[in-house]
1. Could you tell me whether the stretch 185-194 includes any residue that is surrounded by 16 or more Cβ atoms within 10 Å (Cβ to Cβ), in contact with a His (Cβ under 8 Å, 6 or more places away or on another chain) and of a type in the set (Gly, Ala, Ser)?
2. Taking GLY17 as meeting all but one of (1) at pLDDT below 95; (2) under 30 Å from HIS277 (Cβ atoms); (3) small (Gly, Ala, Ser), write down the number of the exception.
3. Going through THR154, THR126, THR130 one at a time, which residue ends up being closer than 21 Å to PHE91 by Cβ and at pLDDT 95 or above?
4. Which of (1) assigned to a helix (DSSP H, G or I); (2) in contact (Cβ under 8 Å) with a residue 60 or more places away in the chain; (3) touching a strand residue (DSSP E or B) at 6+ places or on another chain (Cβ under 6 Å) does MET367 not meet, given it meets every other one?
5. Of everything in the stretch 129-179 that's under 23 Å from TRP470 (Cβ atoms) and hydroxyl-bearing (Ser, Thr, Tyr), which residue is surrounded by the fewest Cβ atoms within 10 Å (Cβ to Cβ)?
6. Go through the stretch 289-320 residue by residue and tally those that are touching a helix residue (DSSP H, G or I) at 6+ places or on another chain (Cβ under 8 Å) and surrounded by fewer than 18 Cβ atoms within 10 Å (Cβ to Cβ).
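The values are calculated or read from the model by the stated rules, or taken from the named source; none is laboratory data. The structure presented is a predicted model; accordingly, all values stated were derived computationally and were not measured. Positions of Cβ are generated from backbone atoms using ideal geometry, with glycine treated the same way; all protein chains shown enter the neighbour counts.
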Amino acid sequence: MLQIFLKIIFILVTIFGIFTIPASSRDLKELELDTFVNAAMKSFKIPGVAIGVIKNNKIQHLKGYGVKNINRSELIDADTMYSIASNTKAFTASALAILVDDEIINWDDKVIDYLPNFRMMDPWITAEFTIRDLLTHRSGLGLGAGDLMFWPSTGVTREEIVKNVRYLKMVSGFRAKYAYDNTLYVVAGEVIASASNMSFENFVQIRIMDQLAISNGCKADITKISNNDNIASPHVNLDGELMVVGRLNEPGKPMVIAAAGGIQCSARAMMKWVNIHLNDGAGLISKTQHNEMLSPQTIIPVSKTDNNWHGTNFSAYGLGFRLKDYHGFKHVSHTGGLLGMVTYVVMIPGQNLGIVVLTNQENSYAMRAIMENILQIYLDTGNINWVDRFAKIQTRSLAQATKTVAEELENKETKPLLRLEDYTGLYRDKWFGDVDITLIDGELYFTAQKSLKLQGSLSPIMFNTFKVSWTDRSFNADAFAMFSTDFYGNVNGLKMKAISPLTDFSYDFHDLDFIKIIKN
């Protein structure tokens, strides 16, 4: 309704000159944008948002809304840095494109030529696996495979991640199916390091950020940021209440997954970054390699929702970007999510339009509602209240998840088959590492030795299955832990799976296969 109202005002101003100083089209866009951003923040409990819009090489909107941290009064502005999470992947792909332009690598070079310790589970796939394959989510691994090595926290090194890929199971044919992946982007970062003889962070900082003069607003190396800098704090909505949570990596400490999701940027800096890609690489990357990045590499099935809402008939992944048709336009995008933050970048090359939405609460519904509204304004695709639409979707989704969890836990026996002491011991998964199951004051506890924050209590559900309630409740990722036994009834292993269907896919508990090593 607001958009219709604003359009009527604009028509009246144009025809009849009702106001002494008529509002410009840009003023109306600003008013409409401010209105729905504030509505989204209120509806979805978002503490702070930063937005940038650039069109025809000119910034149309660049503004911060709300606060960096609900416990302090510091306001978000255009220079507040956010964890852009998986929007980092476009930087990683661009870094590789620069190396291709430098004739140091080729997209279809074999990974093992740069990282001899790299292995997939299948030897033939290892021999054929290319740099391009690292970026295109078609490896044959499952969704988010291996993410628990570094999510929600980690004690592993990048070298260990490269080595542990060999233990991740294939769930589809090589290059046969799209399945989003973070682990292989970490490997891609190590290819950059090997080929350039400098760390991923240094290469990106020098060859991209310094080149674009955005070093004050973009950091590839999180150790260059302190708590005193202009940065947004991550938040989660826990049982209806907002709370500040710790970062995946605190400022000042290195981020092992820098190449997959570790870059920090402000909306102002991202405007320059987006505009480079709206101008075919603009001297940073050759037009040839930039076209390669924005060309389909892996087909993605089109959702019914996208088809119904936007007339989408085509969807694919390029190199660091998602691609699709959107109301007849080519739509280039990526999203990013880390604990407590979600971000969204969209480019419409045919309109020379780029949009950045940065939020400090991990609510993808709010992020998408804001982006859809901005696109609607600048592409004139309708007058839908996207905040209301996504609020209803969120309500339905949460209700269904709550029902599913309740059904999973309903009428379960609370007494385990064995004594609690029988479940204790050291359990080992080849890629995740060791876990201690201990008995403290009559209760079992799960403690991961590598994933430093992953610890919680186990309560019996039925037979040899327990519910793991993580001590850090901000994870929203409670899981089932099912112990296995040998023919003699002795516990010999452990498998897990998330309880709620809304659990972030990076909690890939289902990929774990623990073997009991030592009995306590």
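1. Let us first name the residues in the stretch 185-194 that are surrounded by 16 or more Cβ atoms within 10 Å (Cβ to Cβ), namely 185-193.
Now narrow it down to the ones that are in contact with a His (Cβ under 8 Å, 6 or more places away or on another chain): none.
No, there is no match, as no residue in the stretch 185-194 is surrounded by 16 or more Cβ atoms within 10 Å (Cβ to Cβ), in contact with a His (Cβ under 8 Å, 6 or more places away or on another chain) and of a type in the set (Gly, Ala, Ser).
2. (2)
3. Values: THR154 fails: at pLDDT 95 or above; THR126 fails: closer than 21 Å to PHE91 by Cβ.
On inspection, the qualifying residue turns out to be THR130.
4. Of the numbered conditions (1) assigned to a helix (DSSP H, G or I); (2) in contact (Cβ under 8 Å) with a residue 60 or more places away in the chain; (3) touching a strand residue (DSSP E or B) at 6+ places or on another chain (Cβ under 6 Å), the odd one out for MET367 is (2).
5. SER153
6. Just the residues of the stretch 289-320 that are touching a helix residue (DSSP H, G or I) at 6+ places or on another chain (Cβ under 8 Å), to begin with: 289-290, 292-294, 297, 312-313, 315, 318-320.
Filter once more, so that each one left must be surrounded by fewer than 18 Cβ atoms within 10 Å (Cβ to Cβ): 313.
Qualifying residue count for the region: 1.
Residue by residue, here is whether (1) surrounded by fewer than 17 Cβ atoms within 10 Å (Cβ to Cβ); (2) in the same structural domain as SER153 (by TED's automatic domain parsing); (3) more than 29 Å from ALA399 (Cβ to Cβ) holds:
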position: LYS415; (1), (2), (3): yes, no, yes
position: VAL435; (1), (2), (3): no, no, yes
position: LEU458; (1), (2), (3): no, no, no
position: ASN464; (1), (2), (3): no, no, yes
position: LEU494; (1), (2), (3): no, no, yes
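Results for (1) of a type in the set (Val, Ile, Thr); (2) touching a Lys or Arg at 6+ places or on another chain (Cβ under 9 Å), shown as yes or no for each residue.
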| site | (1), (2) |
| --- | --- |
| ILE104 | yes, no |
| TRP107 | no, yes |
| VAL111 | yes, no |
| LEU115 | no, no |
| PHE118 | no, yes |
| PRO123 | no, no |
| ALA145 | no, yes |
| GLU160 | no, yes |
| LYS163 | no, yes |
